[in-house]
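Accompanying notes for the structure given below.
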Amino acid sequence: MKKSLKTTIASVVIGANVIAGFSIASAVSEKEELKSNEVTFFGTPSSSISSSVAIPSSYGQLLFSGTVPPLLNKDGATTYERYGDTKTQAVGILKNLETQLKAKGLTLADVTYLRVYVVSDPNKGGKPDYQGWFDAYGQFFNTKENPIKTARSTVGVDSLVNSDWLIEIEAVVAYKNKNK
């Protein structure tokens with residue numbers, strides 16, 4: 001019994017030291033990555049978003065105001081007919097953002113941060129459809145075509161300017177500054 005207890009304690013101590021060693025190594029690595037001349041995304045590999053993003057001074061930043069969904073059918077009788085559900089609205093916004101970026105010579109891979117406002121959806125039990133937003137995000141980010149995992153905040157709000165809008169998205173984009 002005593003030997004088993006000693007073995008267990010030794011295993012716990014060794015395991016804790018190994019974990020601490022990895023944590024310290026990771027912290028040192030992240031500190032070094034902050035010195036990079038490239039945009040650096042931090043976070044866990046299993047997460048669909050980054051926990052933080054470092055943008056070096058050699059990059060400019062482009063900030064997109066809250067972008068709202070495109071009108072699908074002006075004669076629609078319901079929110080869903082006019083603008084779609086949360087996922088449809090989010091996809092429309094991200095496609096719009098993609099078009100605006102392309103006009104500036106940029107892509108969604110240049111997006112570093114998204115701030116998202118989601119309102120309650122009466123067809124989803126009067127609660128925000130976060131999953132609809134997450135599914136739309138997953139079509140554009142953290143994919144084979146665009147492996148970028150933005151840093152992101154998703155906030156439930158009481159209302160947006162138009163009662164048909166279920167989602168609004170702001171974006172921060174980083175681009176290589178040619179003057180530096």
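A compact table of results
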{"quantity": "DSSP-defined beta bridges in segment 107-180 - what % are antiparallel, rounded to 5", "calculated": "60"}
{"quantity": "For peptides 112-121, 153-162, sequence by mean Cβ density within 10 Å, most packed first", "calculated": "112-121, 153-162"}
{"quantity": "Qualifying GluC sites (Glu not before Pro) for segment 87-180 [loop in DSSP, other Cβ within 10 Å: at most 16]", "calculated": "GLU145"}
{"quantity": "Relative compactness, segment 40-176, computed as alpha-carbon Rg over 2.2 N^0.38 Å", "calculated": "1.06"}
{"quantity": "Neighbourhood net charge (14 Å Cβ-Cβ; Lys/Arg +1, Asp/Glu -1) for TRP133", "calculated": "-1"}
{"quantity": "Which of THR107, THR86 has the fewest Cβ neighbours within 10 Å, and the rest in rising order", "calculated": "THR107, THR86"}
{"quantity": "With eigenvalues of the C-alpha gyration tensor scaled by 5 and rooted, segment 99-180, Å", "calculated": "28, 14, 10"}
{"quantity": "Local electrostatic count at ASP85 - Lys and Arg +1, Asp and Glu -1, tallied over other residues with Cβ under 12 Å", "calculated": "-2"}
{"quantity": "Most positive-pole-ward Cα, LEU63, VAL119, GLN131, against dipole of segment 40-176 from beta carbon charges", "calculated": "LEU63"}
{"quantity": "Filtered trypsin sites (Lys or Arg not before Pro), segment 138-177: DSSP coil and at most 12 other beta carbons within 10 Å", "calculated": "LYS144"}
{"quantity": "Rough spin-label spacing in nm, given labels placed 7 Å along Cα→Cβ, for LYS102 and LYS127", "calculated": "3.7"}
{"quantity": "Beta bridges by DSSP in segment 40-176, antiparallel share as percent, to the nearest 5", "calculated": "75"}
{"quantity": "Average Cα contact separation per residue, segment 93-180, under 8 Å, 6 or more apart, as relative contact order %", "calculated": "42"}
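Read-outs throughout are calculated quantities, based only on the coordinates presented, and are distinct from any laboratory measurement. Bear in mind that the values here come from a model prediction, so they are computed numbers and not experimental data. Cβ sites come from the backbone with ideal geometry, for glycine too, and all protein chains shown count toward neighbours.
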